[in-house]
Ligand SMILES: [Zn+2]
């Protein structure tokens, strides 16, 4: 007896949506009772269908376990091979797209902007990146005079003086002697305030960690490895290794597309609204020189050289995306 196939006739929506959907015949149960099961070939060559869960073991005994395992191993290997073949087939064009992107002007412009900001205002750059990563609101905490509280104190003092004046002279004298007459306090009152400047938008391209260049290089490496393994012949590769190659590709292409998406938001960073927000935040910090122009920002910290960062051309990743999607199409299910 050999397991030669697997079937899954589960209708979309499952049992809930399809209470009357017909089941598949099971040679153990002797009735139509499952949607999932195995195709069995007996020693005489006859083909049977048997339910997935316990029917095989109940019907064929211990032999079934081994047959099921062998079938699953073969199936997993076949799927891994097909998947790797799909990746390898599309790898040439995908690698070309990745390489082209690595040489684009927008990527080198982004590198330049990042380097300029880092060298002109390192502390500001590092705080800015923290806000970009966290998506948090730019804030400045400040200690300022609380004039309102000081006025209120003055009012209370005047009231106390007026009340004191209304007291009989003898009592006033007594109080004065005891040091209980109203005394004016003119020390300044301070309060802590937090100024908020909103969130940074489109700034992901500034962050070193998980940058697009790194993501592209990782994707190119995964594509090359899949391609090389396929070219060298897969007979000596374990199924695990084949699966690991495909998983590395999946991971790196997902990260690459996500990173590229965030990178693509760079024009929003250079919108005047965002630059003005950044400049207001920067000016409220000590020792920063900031000047906002149209789609650009000049900045320096302390006595560092003033650098101007400017908007750059958007990266077009549509070619890479369609290259990768063609690989996705070859992906088989995980069952
Ligand atoms: Zn059954």
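If you go through region 29-52 and keep only what is outside any strand (DSSP E or B), near the ligand (Cβ under 10 Å from one of its atoms) and surrounded by 11 or more Cβ atoms within 10 Å (Cβ to Cβ), you end up with 29, 52. Within region 53-63, can you find the residues that are away from the ligand (no atom under 11 Å from the Cβ), surrounded by fewer than 15 Cβ atoms within 10 Å (Cβ to Cβ) and assigned to a helix (DSSP H, G or I)? Passing the criteria: only 63.
Kindly check whether there is at least one residue in region 64-71 that is loosely packed, with under 15 Cβ neighbours inside 10 Å, outside the structural domain of residue 325 (by TED's automatic domain parsing), within 16 Å of the ligand (Cβ to nearest atom) and over 29 Å from the mean Cα position of the chain (by Cα). For region 64-71, residues loosely packed, with under 15 Cβ neighbours inside 10 Å, outside the structural domain of residue 325 (by TED's automatic domain parsing), within 16 Å of the ligand (Cβ to nearest atom) and over 29 Å from the mean Cα position of the chain (by Cα): absent. Just one of the listed residues (88, 96) is free of Cβ contacts under 8 Å to residues at least 60 places away in the same chain, over 16 Å from residue 3 (Cβ atoms) and not assigned by TED's automatic domain parsing to the domain that holds residue 25, and it is 96.
Which of the following residues is surrounded by 15 or more Cβ atoms within 10 Å (Cβ to Cβ), without any contact (Cβ under 8 Å) to a residue 60 or more places away in the chain and farther than 18 Å from residue 128 by Cβ: 226, 215? When all the criteria are applied, what remains is 215.
Sub-9 Å Cβ pairs linking a first residue in region 33-60 that is in contact (Cβ under 8 Å) with a residue 40 or more places away in the chain and closer than 10 Å to residue 1 by Cα to a second residue that is within 8 Å of the ligand (Cβ to nearest atom) and part of a strand (DSSP E or B), at least 6 apart or interchain, are 60/50, ordered by first then second residue.
The values are calculated or read from the model by the stated rules, or taken from the named source; none is laboratory data. Quantities reported herein were computed from a predicted structural model and do not represent experimental measurements. Cβ atoms come from the backbone with ideal geometry, glycine included; neighbour counts cover every protein chain shown.
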